[in-house]
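Report on the following structure.
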Amino acid sequence: MEAKPIYLIAERRKGCVTQETYELLGFARAVGNGQMVIVILPGKDVLASAQEIAEKTGCETIALSGDHLEHYNGLAYAEVLMNFLRCKADGWVCLPHTSMGYDLAPRLAVQLGASCITAVDSAGDGWLRRPVYSGRFKEEIVPQTSLVVVTVLPGAFQAPAERSGSMGGVMVIEANEKKLPSTTVGIAESPRRDSSLKDAEVIVAGGRGIGKRENVALLEELAAAFPKSALGASRSACDLGWFQHKHQIGVTGQTVSPKLYIACGISGAFQHVSGIRGAQSIVAINTDPHAAIFQSAHYCIREDLVTFIPILIEELKRVS
């Protein structure tokens, strides 16, 4: 029996194909046995983006085009994807674990009668693995249905190098608009977002484990010891009001790729770790020897940050 294709649902932001889209191809190669990969890109005026995907990946690319798909709307996207997938999909339907992906995946799974497995960070022949309990453990899952909808954590799989061979085929399908209970009329970027995190070579980030708001000053002093540095934070620390949300790093914040990332009092939940996978070197400071962040860090320091950071600052001043 001929193997069914693996379907990848592509995503665009500000008119550009996201890096997470290309990482899905790495996932497809991990779970597939040479099956054809088909990329589906919903949106408005997406022909150029579909051609870009086909050229870079060599995969057949389907553009589902419609004016009502200009901005992401879960109901509208699920409708057009279901119209395409309902009679075709049997195997894998893959999405990035982004705000779009983890909203859309359960909708598709229910309508397709498929299993839904989210936040996958590794995979093999017939099995998937994802972090659970804030990253302290890994859960290995073997799907029991013939059709599986999966979201893949950003940075978990490497995007393959661009192909130099022939590009894949591109097909444009005009999607019919159906009257739905809601319509997305626009997307506005939060004015709190700070581009300095994207540009920083060193990021000092704090989590709930720093203990209290007053200790943020210690992190600021440590960051000031490095040129091109910035202050970051976990979602829990931002929710406590210790940091502004513009400093938030992770799946629901910003994705960063500094040369050095110093995680202070951060437990290491997968939502946060997904945002720092591009860091060249990660230093974790935590009093909990079982903190999940130690599994991702290159250097692990089990010490109270109130004790350790002043010593580190003095040493940096001495050698500078």
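Please treat every number below as a calculation from the coordinates, not as lab data. Quick caveat, the model's predicted, so the values are computed rather than measured. We place every Cβ from the backbone using ideal geometry, glycine too, and count neighbours over all the protein chains shown.
Classify segment 152-232: rounded, prolate or oblate, from the alpha-carbon gyration tensor (a ≥ b ≥ c, eigenvalue square roots; a/c under 1.5 rounded; otherwise prolate if a/b is larger than b/c)?
The shape class here is oblate.
To the nearest 20 debye, what charge dipole does segment 48-102 have about its Cα centre, counting +1 at the Cβ of each Lys and Arg and -1 at the Cβ of each Asp and Glu?
Using Cβ point charges on Lys, Arg, Asp and Glu, segment 48-102 gives about 180 debye.
Compute, for segment 196-319, the length of the dipole vector about the Cα centre, with Cβ point charges of +1 (Lys, Arg) and -1 (Asp, Glu) only. Units Debye, rounded to 20.
Here segment 196-319 has a charge dipole of around 300 debye.
By how many degrees, between 0 and 90 and to the nearest 10, does the Cα long axis of helix 101-112 differ from the longest principal axis of the chain?
Orientation of helix 101-112: about 30 degrees from the principal axis.
State, to one decimal in nm, how far the label point of residue 141 lies from the label point of residue 314, with both points 7 Å from Cα in the Cβ direction.
Here the answer is 5.0 nm between the modelled labels.
Across the chain, how many lysine pairs, 8 or more positions apart or on different chains, have C-alpha atoms separated by under 12 Å? Please give the number.
Going through the chain pair by pair, I get 6.
Using the alpha carbons of segment 196-319, what is the convex hull volume per residue in cubic angstrom, as a whole number?
Numbers: hull volume 11.0 nm³, N = 124.
Measuring per residue, one finds 89 Å³ for the Cα hull of segment 196-319.
Relative to the longest principal axis of the chain, what angle (0 to 90°, nearest 10) does the C-alpha long axis of helix 19-31 take?
Between helix and principal axis, roughly 70 degrees.
Take the alpha carbon gyration tensor of segment 211-257, find the square roots of its eigenvalues, order them as a ≥ b ≥ c, and report rounded if a/c is under 1.5; if not, report prolate when a/b exceeds b/c, else oblate.
Since a/c reaches 1.5 but b/c is at least a/b, the shape of segment 211-257 is classed as oblate.
How much length would be gained if the chain were fully extended between residue 36 and residue 71, taking 0.36 nm per residue of separation minus their Cα-Cα distance, in nm to one decimal?
Here the answer is 9.7 nm.
For the chain, take the longest principal axis of its alpha carbons; what is the angle in degrees between that and the long axis of helix 305-319, to the nearest 10 within 0 to 90?
80
Counting Lys and Arg as +1 and Asp and Glu as -1, what is the net charge of the other residues whose Cβ lies under 12 Å from the Cβ of residue 56?
Neighbourhood net charge equals -2.
What is the Cα convex hull volume of segment 52-206 when expressed per residue in Å³?
Enclosed volume per residue, from the Cα hull, is 188 Å³.
Please give the charge dipole size of segment 158-253, origin at the Cα centre, charges +1 on K and R Cβ atoms and -1 on D and E Cβ atoms. Round to the nearest 20 debye.
That gives segment 158-253 a dipole magnitude of about 280 debye.
Using the charge dipole of segment 6-174 (Lys, Arg: +1 at Cβ; Asp, Glu: -1 at Cβ; taken about the Cα centre), state which of 40, 54, 26 has its Cα farthest towards the positive end.
So the residue we want is 26.
Where does the Debye-calculated log10 I(q)/I(0) of the chain sit at q = 0.09, 0.12, 0.16 Å⁻¹, using only Cα point scatterers of equal weight, no solvent?
The Cα Debye sum returns log10 ratios of -0.52, -0.86, -1.27.
Go from 0 up to the bin containing the longest alpha carbon distance in segment 1-41, width 5 Å each, and give me the % of pairs per bin.
6, 24, 28, 20, 12, 6, 3, 1, 0
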